[in-house]
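See below for the structure under consideration.
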Amino acid sequence: MKIVLIGFMGVGKSSVAPQLAKKLGINIIEMDDFIEKKAGKTLKEIFASGGESSFRKFENEVCHEIANIDNAVISTGGGVVMNANNFTSLKNNSTIIELNASFDTILKRINQKIPRPLFKDEESAKKLYDLRKPLYEKFAQIKISTDNKSVSEVTNEIIESIKL
Ligand code: S3P
């Protein structure tokens, strides 16, 4: 079983993924951690030294490197949908689930302690949100709203949805 979580920054992918993996008894892959390991730099440093294009290159490579992994929940970064080529690997034997939330919810959830180079200000983040919304919907097989739901509620909803 392979579950790929996609969705905008702040929808709850990184909070839901560990609980989901635990309940399903499978591994968790946090793609941003893999990217940091591969680059030997933090996310902040990757963006500072090579910009977004450098980050996207690492992200694309990691997508392909994990293509054959099974029994895992893969938590992707919010921008993984910016390159359709990432999905040639991500969709391999997997269920792709979009977690979504209203922009208001996202604003409340975004934790400024976690560096998010692409969440600069409200206005540019909203533009990115609107640009990406149709892309998450296009790539996902299952779509789940996380608005007003706890991590456990979302986790259980995912488990129900994959049983169908
Ligand atoms: C990004 C989202 C981040 C991280 C990077 C780029 C994006 O992950 O991959 O900062 O382009 O939306 P989260 O969605 O986990 O915040």
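The values are calculated or read from the model by the stated rules, or taken from the named source; none is laboratory data. Just so it is clear, the model here is predicted, and its values are computed rather than measured. For neighbour counting, all protein chains shown are included, and Cβ atoms are generated from backbone atoms with ideal geometry for every residue, glycine included.
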Options 138, 133; residue that is more than 15 Å from the ligand (Cβ to nearest atom) and either assigned to a loop (DSSP other than H, G, I, E, B) or out of contact with any Ser or Thr (no Cβ under 9 Å at 6 or more places or on another chain) (or both): 138
Would you mind finding the one in 60, 100, 68, 86 that is closer than 25 Å to residue 27 by Cα and modelled with pLDDT under 95? 68
Residues of segment 92-107 classified as within 15 Å of the ligand (Cβ to nearest atom) and surrounded by fewer than 16 Cβ atoms within 10 Å (Cβ to Cβ), total: 2
Selection over segment 1-35 where residues are more than 17 Å from residue 154 (Cα to Cα) and under 15 Å from the mean Cα position of the chain (by Cα) yields a count of 8
Does segment 142-151 contain at least one residue that is exposed (fewer than 15 other Cβ atoms within 10 Å of the Cβ) and assigned to a helix (DSSP H, G or I)? no
From 155, 146, grab the single residue that is away from the ligand (no atom under 12 Å from the Cβ) and within 14 Å of the chain's Cα centre (by Cα). 146
Go through segment 6-64 and give me each residue that's surrounded by 15 or more Cβ atoms within 10 Å (Cβ to Cβ), outside any helix (DSSP H, G or I) and within 11 Å of the ligand (Cβ to nearest atom). 6, 7, 8, 9, 10, 11, 12, 30
Is it the case, given these coordinates, that residue 157 is surrounded by 15 or more Cβ atoms within 10 Å (Cβ to Cβ), touching a Lys or Arg at 6+ places or on another chain (Cβ under 9 Å) and either touching a residue at least 24 places away in the same chain (Cβ under 8 Å) or not β-branched (Val, Ile, Thr) (or both)? yes
Take the residues in segment 65-113 that are charged (D, E, K, R) and in a loop (DSSP other than H, G, I, E, B), then tell me which one is nearest to residue 38 (Cα to Cα). 70
